[in-house]
Amino acid sequence: MNDFDWAAMADMLEREGETHSPYVRQAFEELAHLTPRRILDIGSGPGVAACRLAQTFPQAEVTAVDGSPELLERAGRRAHRLGVRLRTHVAEFPEGLADLGPADLIWSGQVVHHVGDQQDALDRLAGLLEPGGHLAIVEGGLPPHWLPRDLGFGRPGLQDRLAAAMAERFSRMRAELPGTVAVVEDWPGMLRAAGLTDVRSRTFLVDHPAPLADGPRQSVRQALERHRKTLTEDLDAEDLATLDRLLDPADPAGVDRRADLFLLTAKTVHFGRRGDSRTDSRTDSRTDS
Ligand SMILES: C[S@@+](CC[C@H](N)C(=O)[O-])C[C@H]1O[C@@H](n2cnc3c(N)ncnc32)[C@H](O)[C@@H]1O
């Protein structure tokens, strides 16, 4: 695994998963006509989507797979709390993927970009599918927006500068991954190159308007705390001071109290299907690319 301390982010990931669940629900509606027997959630983290998969497909055996045993314990506890059947499996990607298959449906949310060779990861995921099986990966979409352009203090436009700094950090993260391979991040093209057919992408909005309820508000706080911690070298002193003020629980203009805080983002899900005859679909798509 790369140098993220995923277990330390457990609270944030679970809260964020809950806050973003409107897009997961919409994405699963796209899959609701399927009758999968075996489902894998690759990089499940604390299991928010995995538990929803188990609710959506109660007949299926759903396995949450992740490199972090701590996050999988959380996923197990969440499943118990919700009364759904969920298996868990610790595996490092990409090497641990080989032991998992086969599956009729594979979901992987915001994980492939953490693997050095993204095409190889997709090839391996596609290779786990049963003939006719489906893969859905979440990659791309739009950066989140939480703040009005002018907060009433600090330099207007902080949200855009946070997004730009995070994009730079993301590029550095990718460059430092073991075995990193540069690739044109054409996700539908990459799914086709992995031998999948019926490839399509759909983008779902997550829209929590102001004033925010406690759950999304807490999620915004956790995200801003993480930005404050990770972007210390990337933001100027004025923006860091603005973030400190936003994060001050005693400040009436801080994120705990402001009435104008919102959460607006979009997530893109790329769907593909393994052809019934693997050899044919693979040959066709490789010739196209
Ligand atoms: C950004 S979180 C996504 C969690 C969840 N899928 C979601 O959409 O909210 C990435 C997850 O992938 C896992 N992960 C990242 N890189 C990994 C690797 N190389 N091997 C195994 N797990 C990895 C992390 O432990 C974490 O749970």
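The values are calculated or read from the model by the stated rules, or taken from the named source; none is laboratory data. These figures come from a predicted structure and were not determined experimentally. Please note: Cβ atoms are built from the backbone with ideal geometry, for glycine as well, and neighbour counts cover all protein chains shown. The area values use the complete protein model at the heavy-atom level, side chains included, leaving out ligands, DNA and RNA. Shrake-Rupley method; radii C 1.70, N 1.55, O 1.52, S 1.80 Å.
With a ≥ b ≥ c the root eigenvalues of the C-alpha gyration tensor of segment 43-100, is it rounded (a/c under 1.5), prolate (a/b larger than b/c) or oblate?
Values: a/c = 2.54, a/b = 1.50, b/c = 1.69.
Oblate, because a/c is 1.5 or more while a/b does not exceed b/c.
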Check: Got a number for carbon plus sulfur as a percent of segment 42-102's accessible area, 1.4 Å probe?
Finding: 48
Item checked: Percent antiparallel among DSSP beta bridges (both partners in segment 7-288, rounded to 5) -> 50
Notebook entry, point to check: Taking amide hydrogens as modeled 1.01 Å from N in the peptide plane, which residues meet the under 5 Å criterion relative to residue 130, leaving out close sequence neighbours?
Noted result: 103, 104
Check: Picking from 153, 132, 68, whose Cα lies most toward the positive end of the charge dipole for segment 7-288 (charges on Cβ: Lys, Arg +1; Asp, Glu -1)?
Finding: 132
Next item on the list: Mind ranking 35-44, 69-78, 236-245 by how tightly packed they are, going by the mean number of other C-beta atoms within 10 angstrom, highest first?
Entry: 35-44, 69-78, 236-245
Checklist line | Lys, Arg +1 and Asp, Glu -1 on Cβ, resulting dipole of the chain about Cα centre, debye, nearest 20 | finding: 800
Note to self: Rounded, prolate or oblate for segment 178-237? Axes are the square roots of the Cα gyration tensor eigenvalues, ordered a ≥ b ≥ c, and the cut-off for rounded is a/c under 1.5.
What the structure shows: oblate
Notebook entry, point to check: So how far, in whole Å, is the C-alpha centre of segment 154-223 from the one of segment 1-69?
Noted result: 17
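Using 0.36 nm times the number of residues separating residue 4 and residue 185, minus their current alpha carbon distance, what extension gain do you get?
Details: separation 181, 0.36 × 181 = 65.16 nm, distance 2.18 nm.
Roughly 63.0 nm would be gained on extension.
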Note to self: So, taking all protein chains as they sit and a 1.4 Å probe, how much accessible area belongs to residue 248, in Å² rounded to tens?
What the structure shows: 60
Next item on the list: Provide the net charge surrounding residue 166, with neighbours chosen by a C-beta distance below 10 Å and charges set as Lys +1, Arg +1, Asp -1, Glu -1.
Entry: +1
Next item on the list: Determine the relative contact order of the chain: mean sequence separation of Cα pairs under 8 Å and six or more apart, normalised by residue count, in whole percent.
Entry: 21
Next item on the list: Please turn the phi angles of segment 265-270 into ³J(HN,Hα) values with the Karplus equation 6.51 cos²θ - 1.76 cosθ + 1.60 (θ = phi - 60°), one per residue in order, whole Hz, x for glycine and proline.
Entry: 8, 9, 10, 9, 10, 9
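Which shape class, rounded, prolate or oblate, goes with segment 7-288 when its Cα gyration tensor gives a ≥ b ≥ c as root eigenvalues, a/c under 1.5 marks rounded, and past that a/b bigger than b/c marks prolate?
Cα axes put segment 7-288 in the prolate bin.
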Next item on the list: Quickly rank 86-96, 178-188 as a protection proxy: mean count of other C-beta atoms within 10 Å, highest first.
Entry: 86-96, 178-188
